[in-house]
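J.: Just passing along the structure, written as structure tokens.
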Ligand SMILES: *[C@@H]1O[C@H](CO)[C@@H](O)[C@H](O)[C@H]1NC(C)=O
């Protein structure tokens, strides 16, 4: 069958991206409007990039974000809605979090995260970029969260820093070793570009009149895009919201301090589809057309006032063809599970994958926050008994099931691929009372 005749499943994936310089503030109590939790019909992905997250003096790079109050906040808001944190990376104040709706998790592979520090001799302090790359249903996506040099006069340095990150940041991935090799890149952050030339009075009048378009031609990023090839390949929606910097804390009014900084669109979200010309197409036709990425919303959220920056949110619809329709592994709980009888997991590999003795199956409560949030786990190879070639049984001893009356799920974690490759349907682990009567009946 010819490639283009294959019955690809096209689906519309909705992605919410957030960028916010939080100015070392403690997290707010509520992220409902930041994440549009009440207004959107459960988007597929959330990508959240923060800058200036408070970090102690010693930690430079850390993947251990469990103790980070911002990560905990987003996990606790999204986990009950059936999203898990798939990946995260932190470099000092830069934090990037990637969440996916559970149903997509077995189709997210080749997940890698990395960072680049910029600034000559650390002169600019903790600036740079952190990124997460992955394959989403076979499409290579990359998310880059940057914090670039501050101050009006450093526009060229900001572009240099960005190009340095693009040039030097690499992944262990044959098909897409650099950021620009990815089919779709989202670039966001506190890019720190300012509004040049116009005086304070004109800028403020335009903001009051909501005639933002009169400021666009003097926005440094828009100006730089005219000169720099690399920037031209990135698209951005119209800046139809008021500049997000710099506000007095706990207020919606711009800097009233002695410095009176001119308002600016420092916080931005851009995207880049790999130009068709440079594609040496993968065998599976890993392509998206420009028309297949649509920005549905690009705005700031004014109600958050803990920082001198307002958060910026971009909502995108990606029209994707699913390159794979089934997970690598199907798994299910066999029979009734309860806290006082040994249990059995059944799994079947649906496609060949590099299995390992370090593969494990985790038991999770429905509403878990990430792959490490398991109740218990079992090594697949140690405890497995093959029934036949298709279905494999794995025992879980009752001592390892410390839950009662909980809705649970099973996830197969591939140690070689370093991701979840199969998820079971939810099932109930029954309480001890009913399990006893069940034991009594079966043993009599
Ligand atoms: C702002 O609005 C006022 C009143 O409509 C108008 O006179 C003025 O020219 C406008 N200025 C700008 C910069 O948009």
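The values are calculated or read from the model by the stated rules, or taken from the named source; none is laboratory data. Source: prediction; values computed, not measured. Note that each Cβ is placed from the backbone with ideal geometry, even for glycine, and that neighbours are counted across all protein chains shown.
J.: Of all residues in the stretch 259-275, count the ones that are assigned to a loop (DSSP other than H, G, I, E, B) and more than 27 Å from residue 199 (Cβ to Cβ).
T.: Here the count works out to 2.
J.: Would you confirm whether or not the stretch 222-235 contains a residue that is within 16 Å of the ligand (Cβ to nearest atom) and surrounded by 14 or more Cβ atoms within 10 Å (Cβ to Cβ)?
T.: no
J.: Would you call residue 256 at pLDDT below 95, outside any loop (DSSP other than H, G, I, E, B) and surrounded by fewer than 14 Cβ atoms within 10 Å (Cβ to Cβ)?
T.: When the stated conditions are applied, residue 256 does not pass them.
J.: Given the structure, is residue 314 under 21 Å from residue 86 (Cβ atoms), assigned to a strand (DSSP E or B), touching a residue at least 12 places away in the same chain (Cβ under 8 Å) and not assigned by TED's automatic domain parsing to the domain that holds residue 417?
T.: Here the answer is yes, as residue 314 does meet what is asked.
J.: Go through 240, 219 for me and flag whichever is under 22 Å from residue 158 (Cβ atoms), within 16 Å of the ligand (Cβ to nearest atom), touching a residue at least 12 places away in the same chain (Cβ under 8 Å) and assigned by TED's automatic domain parsing to the domain that holds residue 307.
T.: 219 is the lone residue from the list that is under 22 Å from residue 158 (Cβ atoms), within 16 Å of the ligand (Cβ to nearest atom), touching a residue at least 12 places away in the same chain (Cβ under 8 Å) and assigned by TED's automatic domain parsing to the domain that holds residue 307.
J.: Related question: Could you check residue 24 against (1) more than 12 Å from the chain's Cα centre (by Cα); (2) part of a strand (DSSP E or B) and say which number it fails?
T.: (2)
J.: So residue 175 ticks every box in (1) touching a helix residue (DSSP H, G or I) at 6+ places or on another chain (Cβ under 9 Å); (2) modelled with pLDDT of 95 or more but one. Which box is left unticked?
T.: That leaves (2) as the condition not met.
J.: Then there is this: If we scan the stretch 175-191, do we find a residue that is in a helix (DSSP H, G or I), touching a residue at least 60 places away in the same chain (Cβ under 8 Å) and more than 16 Å from the ligand (Cβ to nearest atom)?
T.: So far as the stretch 175-191 goes, yes, one or more of its residues are in a helix (DSSP H, G or I), touching a residue at least 60 places away in the same chain (Cβ under 8 Å) and more than 16 Å from the ligand (Cβ to nearest atom).
J.: Can we say residue 250 is farther than 24 Å from residue 126 by Cα, within 16 Å of the ligand (Cβ to nearest atom) and surrounded by fewer than 16 Cβ atoms within 10 Å (Cβ to Cβ)?
T.: no
J.: Can you find even one residue in the stretch 166-174 that is within 16 Å of the ligand (Cβ to nearest atom), in the same structural domain as residue 273 (by TED's automatic domain parsing) and either over 23 Å from residue 51 (Cα atoms) or surrounded by 17 or more Cβ atoms within 10 Å (Cβ to Cβ) (or both)?
T.: No, the stretch 166-174 has no match at all.
J.: Quick one: how many residues across the stretch 42-62 are surrounded by 12 or more Cβ atoms within 10 Å (Cβ to Cβ), at pLDDT 60 or above and at negative phi?
T.: 12
J.: Out of the residues in the stretch 199-215 that are part of a loop (DSSP other than H, G, I, E, B) and within 9 Å of the ligand (Cβ to nearest atom), which is nearest to residue 244 (Cα to Cα)?
T.: 210
J.: Additional query: Just to be sure, is residue 370 touching a residue at least 60 places away in the same chain (Cβ under 8 Å) and in contact with a strand residue (DSSP E or B) (Cβ under 9 Å, 6 or more places away or on another chain)?
T.: Judged against the criteria, residue 370 is a match.
J.: Please indicate, with yes or no, whether at least one residue in the stretch 426-441 is modelled with pLDDT of 90 or more and part of a loop (DSSP other than H, G, I, E, B).
T.: yes
J.: Still on this model: Kindly establish whether residue 162 is over 22 Å from the mean Cα position of the chain (by Cα) and touching a residue at least 60 places away in the same chain (Cβ under 8 Å).
T.: no
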